[in-house]
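Student: Take this structure first; my questions come after.
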Amino acid sequence: VVGAVLFGLWHVLPAWRGGGVEAAADLGRGLTALGTFAATTAAGLGLGWLRVRSDSLVAPVLAHLATNSVTFAVAWAAA
């Protein structure tokens with residue numbers, strides 16, 4: 001659980017900084033950071049479970065790589 005919370009916290013600053021929009025974005029930025037924290041903490045729980053279940057770091061590392069790669073590919077295709 002501690003690892004999952006740290007994983008979630010690790011992703012808060014990029015979410016906070018990545019908003020891009022200015023003035024009215026403070027509330028939006030805060031909600032984005034909170035949502036990012038919740039989602040990445042849940043993902044951290046899943047990755048931690050995968051680590052324990054597989055008894056290896058390879059499975060969660062590949063799952064994280066796949067998640068990031070798909071997200072990047074979708075963002076690239078949308079642009």
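Student: What is the residue count in segment 36-46 for residues that are hydroxyl-bearing (Ser, Thr, Tyr) and open to solvent by 50 Å² or more (accessible area, probe 1.4 Å)?
Tutor: 0
Student: Limited to segment 47-58, what total is found for residues that are in a helix (DSSP H, G or I) and either polar (S, T, N, Q) or crowded, with 16+ Cβ neighbours inside 10 Å (or both)?
Tutor: 5
Student: I've got another one for you. Pick out the one residue from Thr71, Thr67, Thr36, Thr32 that is part of a helix (DSSP H, G or I), modelled with pLDDT under 95, touching a Pro at 6+ places or on another chain (Cβ under 9 Å) and not hydrophobic (A, V, I, L, M, F, W, C).
Tutor: When all the criteria are applied, what remains is Thr36.
The values are calculated or read from the model by the stated rules, or taken from the named source; none is laboratory data. Predicted model only: the values in this text are computed from it and were never measured. Cβ coordinates were reconstructed from backbone atoms using ideal geometry, including for glycine residues, and neighbour counts include every protein chain displayed. Calculation scope for accessible area: heavy atoms of the full protein, side chains included, ligands and nucleic acids excluded. Shrake-Rupley method; radii C 1.70, N 1.55, O 1.52, S 1.80 Å.
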